[in-house]
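The values are calculated or read from the model by the stated rules, or taken from the named source; none is laboratory data. For clarity, every value in this text was computed on a predicted model and none was experimentally measured. Cβ: placed from backbone, ideal geometry, glycine included. Neighbour counts: every protein chain shown.
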Amino acid sequence: MAAAWLRACLIFVLAAGCASAELRAGAARRTITPSLDRGPVWLAGFGLNRAATGIHDDLWVRCAALSDDSRSVVLCGADLIGLFYEDVEQIRAAVRARQPRLNVVIATTHVHQGPDTMGLWGPKLGVSGRNPDYNRLVIERTVEAAQEAAATMRPATLNAAQVTSPELESFIHDSRPPVVLDAELIVLSFDGRDGKPIATLVNWANHPEVLGSKNTLITADYAAWLYQRLEQRWGGTVILFNGALGGMQSPLGASVKDPDTGLPAPEASFRKAELIGMRVADLAWEGLAKSKPLRVDTVVYRETAVRIPLTNANFRKALEAGIFGPVKRLEPDGSLRTVVGLLRLESRGRPVVEAAMIPGELYPELSRGGIERYPGADFPDAPFEKPLKQIMTAPFRLVVGLANDEIGYIIPKAEWDEKPPWLKNAERPWYGEVNSVGPEAAPRIAAAFEELLTARAGRRK
Ligand SMILES: [Zn+2]
């Protein structure tokens, strides 16, 4: 069924430039810090009834516009738990009303210390935590930042770096088998002809939840220090695109040594968030400092719709109760419609950068490989999905999570485990399925991305 639907679905080829074109880049940002003066702001990501009591640092939407003279794409990152596709559609419609050929990709960092933009974390069960006025503010400011980024584009070159290190892995604790980390740091710096960075894109996979479930101060978490430090040392508007951060890539439980004391930074502390953000920034800077300019003459963005059967009874109940707000809806057949995208930067027909735009929290096995068959799995014979970074061919391969939607965890079907016995004969169920749309999410998304990757530019099918 999935394959038949995919074959029939329409692939939008949104941008395809010509080989002699010139890369241009622009950047802009806006704060999206909520006001605490107009009623409670419910903090998202952990339990219910966590009202914000103050602001530690600003939340941002940060955008980079890229163009090859022919068509343009704007890539925005926002310090939010997640944004539904329906909100993304509103941003796109507003931008297209003025610039019909300008496409916008918006990914959230998945910060757990910001407002509930989805509805799941209200004051009590059955009451939405989503404030439509705040979502409107996010939409307006994202539209402004996207338009300003596009309006300020100028000729640019690309510097790219790929950094792997045991230190990056040490910031991540994986609480579910198999222990697979996708800890590589990919950094793309788009620099003006004057050599000054315009936009600096950082792709790394880890939950921004250092501050934990008891914090009530609004903060961008480790991203706050990453932005500040990398902008100071390298420059450009720094944008964090989180990666395959599912199953379960978290700084909670990771021991991070404080060089000032020689001891691990206290769990759930601002100091721990600072140390992670600063070190990721420093490693990104070191990578960029060694990089050489790369020629880019073509910017391609393609996107395809994916339908996923919604089998999560709690999500369905929440949807029917209006917890997700009035805009969230299912397809007539009960499936959830979302989108998968591919950004490709090319030089003379060869890919230089490929980025998978994935609408949720991908398990790292689906990004870099390492799916396991365990006793207790609900679909023991399910084929393994092809890992996204293995099927891409560009020297720089990014997986951007929570892009254009947040559908929850995307779990390899062979590791899906909703029914006892539990994986590896565990006494309790593993955490994950409760926050996933269903077992078809991974195979459908992986197949849709492969289709995008292999479709020839310019072809409609
Ligand atoms: Zn998460």
Within the range 142-155, is even one residue in the same structural domain as residue 54 (by TED's automatic domain parsing), closer than 27 Å to residue 213 by Cβ and not basic (Lys, Arg)? no
For residues in the range 353-375 being within 16 Å of the ligand (Cβ to nearest atom), among the aliphatic types (A, V, I, L, M) and not in a helix (DSSP H, G or I), which is surrounded by the fewest Cβ atoms within 10 Å (Cβ to Cβ)? 358
Kindly provide the set of residues from the range 392-424 that are out of contact with any strand residue (DSSP E or B) (no Cβ under 9 Å at 6 or more places or on another chain) and not acidic (Asp, Glu), ordered by number. 412, 413, 414, 419, 420, 421, 422, 423, 424
Can you tell me which residues in the range 86-132 are within 28 Å of residue 343 (Cα to Cα), more than 16 Å from the ligand (Cβ to nearest atom) and among the polar types (S, T, N, Q)? 90, 99, 103
Verdict on residue 140 being of a type in the set (D, E, K, R), within 17 Å of the chain's Cα centre (by Cα) and modelled with pLDDT of 95 or more: no
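Of the residues 240, 181, only one is within 16 Å of the ligand (Cβ to nearest atom), at pLDDT 95 or above, part of a strand (DSSP E or B) and in the same structural domain as residue 47 (by TED's automatic domain parsing); which?
240
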If I go through the range 202-214 residue by residue, how many of them are farther than 21 Å from residue 63 by Cβ and more than 16 Å from the ligand (Cβ to nearest atom)? 1
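This table checks each residue for (1) part of a helix (DSSP H, G or I); (2) among the hydrophobic types (A, V, I, L, M, F, W, C); (3) touching a Pro at 6+ places or on another chain (Cβ under 6 Å); (4) surrounded by fewer than 16 Cβ atoms within 10 Å (Cβ to Cβ).
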| site | (1), (2), (3), (4) |
| --- | --- |
| 304 | no, no, no, no |
| 311 | no, no, no, no |
| 338 | no, no, yes, no |
| 351 | no, no, no, no |
| 377 | no, yes, no, no |
| 381 | no, no, no, yes |
Sole exception among (1) more than 30 Å from residue 326 (Cα to Cα); (2) in a strand (DSSP E or B) for residue 104, by number: (1)
Please tell me if residue 405 is within 16 Å of the ligand (Cβ to nearest atom) and closer than 27 Å to residue 92 by Cα. yes
Residue 364 out of contact with any Cys (no Cβ under 6 Å at 6 or more places or on another chain), over 20 Å from residue 118 (Cα atoms), touching a residue at least 40 places away in the same chain (Cβ under 8 Å) and not assigned by TED's automatic domain parsing to the domain that holds residue 111: yes
Screening 163, 138, 210, 179 for residues that are without any contact (Cβ under 8 Å) to a residue 24 or more places away in the chain and either over 23 Å from residue 108 (Cβ atoms) or not acidic (Asp, Glu) (or both) leaves only 179
Considering residues that are away from the ligand (no atom under 16 Å from the Cβ) and outside any loop (DSSP other than H, G, I, E, B), the number found within the range 243-272 is 7
Looking at 88, 73, 104, 111, can you tell me which residue is more than 21 Å from residue 37 (Cα to Cα) and free of Cβ contacts under 8 Å to residues at least 60 places away in the same chain? 104
